[in-house]
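The structure under discussion appears below in the form of structure tokens.
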Amino acid sequence: MPASLLQSLRAQAYNNAWANHRLLTACAGLSQAEFEAPRTGFFPSIRATLNHILVIDLFYVDALEGGTLGPAAWADPEPCSTVAALAAAQSAVDRRLIAWCEALEEAGVDGTVHVHRGDRVQHERADRLLMHLFQHDVHHRGQAHAMLSGTGVAPPQLDEFFAAEEAPLRAAEFRALGWTEATVWRD
């Protein structure tokens with residue numbers, strides 16, 4: 001039986017957190033100077049790129065939760081100066097996103113989310129907002145991945161989506177995140 005849209009969105013939230021974990025774990029091998037070094041990309045460093053992911057996640061997760069944080073989310077475009085601080089903050093917002101998706105019911109996927117944009121409130125369906133957020137994160141993680149390729153730290157594989165036969169390959173990472181395959185693929 002095909003997975004429901006709700007199950008797919010939940011799996012996307014877990015995959016998003018897993019990819020963030022993998023990328024930030026790799027970045028922990030960088031020196032502070034390498035983390036901050038100027039690089040070619042939409043944002044000028046790995047630090048700026050990964051902070052952008054965090055800031056935008058904070059913006060959208062707040063909206064999903066019914067908050068009104070709005071543009072105040074990016075008042076400080078680089079709130080985390082170190083990989084360790086960034087990893088902790090990203091993990092916290094990833095857990096919030098997963099919790100929101102876990103609490104979502106099938107009837108709620110087309111519910112309206114109010115996104116406070118400062119001068120206006122955008123009204124968006126929950127499923128569309130989630131897909132936008134996941135795509136945004138994939139896009140910028142790819143940029144950080146390319147930047148990481150220019151360092152001595154090997155970039156992690158980020159293009160996987162929980163293939164069933166590869167579960168043993170991610171088991172240690174799932175344990176570190178406090179998950180199991182059943183956590184992600186509950187029926």
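The values are calculated or read from the model by the stated rules, or taken from the named source; none is laboratory data. Since this is a predicted model, take the numbers as computed values, not measurements. Using ideal geometry, Cβ is built from the backbone for each residue, glycine included, and neighbour counts are taken over all protein chains shown. The protein model used for the area step is the full one, side chains on, heavy atoms only, and it has no ligands, DNA or RNA in it. Shrake-Rupley method; radii C 1.70, N 1.55, O 1.52, S 1.80 Å.
What is the percent of Cα-Cα separations in the stretch 1-93 that go past 22 Å? Value for the stretch 1-93: 35 percent of Cα pairs lie more than 22 Å apart. The phi torsions of the stretch 73-88, fed into the Karplus equation with coefficients 6.51, -1.76 and 1.60 and a -60° offset, translate into couplings of 4, 10, 4, 10, x, 9, x, 10, 8, 10, 4, 4, 5, 5, 4, 5 Hz, rounded to whole numbers, with Gly and Pro shown as x.
Estimated purely from DSSP H runs of n ≥ 4, each contributing -39500 (n - 2.57), the mean residue ellipticity at 222 nm for the chain is -18500 deg cm²/dmol once divided by its residues. What FRET efficiency, computed as 1/(1 + (r/R0)^6) with R0 = 41 Å and r the Cβ-Cβ distance, is obtained for Ala154 and Glu181, rounded to the nearest 0.05? Result of the calculation: an efficiency of 0.95. Amide H to amide H distances under 5 Å link Val113 with Glu124, Arg125, Ala126, where only residues 5 or more positions off or on other chains count and H is placed in the peptide plane.
Taken about its Cα centre, the chain carries a charge dipole of roughly 300 debye when the Cβ of each Lys and Arg holds +1 and the Cβ of each Asp and Glu holds -1.
Restriction of the GluC sites (Glu not before Pro) in the stretch 82-187 to DSSP coil positions whose beta-carbon has at most 10 other beta-carbons within 10 angstrom yields Glu105. Remark: the chain carries 50 Å² of accessible area per residue (probe radius 1.4 Å; ligands, DNA and RNA excluded). Under a Gaussian network description of the chain, with springs only between Cα atoms under 10 Å, the residue in Asp76, Asp119, Asp127 that fluctuates furthest is Asp119. Highest GNM mean-square fluctuation among Pro71, Pro168, Pro155, for the chain modelled with Cα contacts below 10 Å: Pro168. Note on Thr25 and Leu69: their simple-model spin labels are 2.5 nm apart, each label 7 Å out from Cα toward Cβ.
So, with a 1.4 angstrom probe, what is the percent of accessible area on the stretch 55-102 that is carbon and sulfur?
Working: 1250 of 2010 Å².
Summing carbon and sulfur atoms, their accessible area is 62 percent of the total for the stretch 55-102.
Along the axis of the charge dipole computed for the stretch 1-87 (Cβ charges of +1 for Lys and Arg, -1 for Asp and Glu, origin at the Cα centre), the listed residues Val83, Ala72, Gln12 are led at the positive end by Gln12.
Each residue of the stretch 154-162 is assigned a 3J(HN,Hα), and the resulting list reads 5, x, x, 6, 10, 9, 9, 9, 6 Hz, derived from the Karplus form 6.51 cos²θ - 1.76 cosθ + 1.60 (θ = phi - 60°), x at Gly and Pro.
Result for the chain in a Gaussian network model with C-alpha springs under 10 Å: among Leu169, Leu148, Leu177, the largest mean-square fluctuation is at Leu169.
Would you please classify the overall shape of the stretch 127-170 from the alpha carbon gyration tensor, given that a ≥ b ≥ c denote the square roots of the eigenvalues, rounded means a/c under 1.5, and beyond that prolate means a/b larger than b/c while oblate covers the rest? Judged from the Cα gyration tensor, the stretch 127-170 comes out oblate (a/c at least 1.5, b/c at or above a/b).
Rounded to 0.05, the FRET efficiency of the Arg125 and Asp76 pair, given R0 = 35 Å and the Cβ-Cβ distance, is 0.75. Overall form of the chain: oblate. Here a/c, set by the Cα gyration tensor axes a ≥ b ≥ c, is 1.5 or more, and a/b is not larger than b/c. Distance between the pseudo-spin-label points of Ala99 and Ala171 (7 Å out from Cα toward the beta carbon): 3.0 nm.
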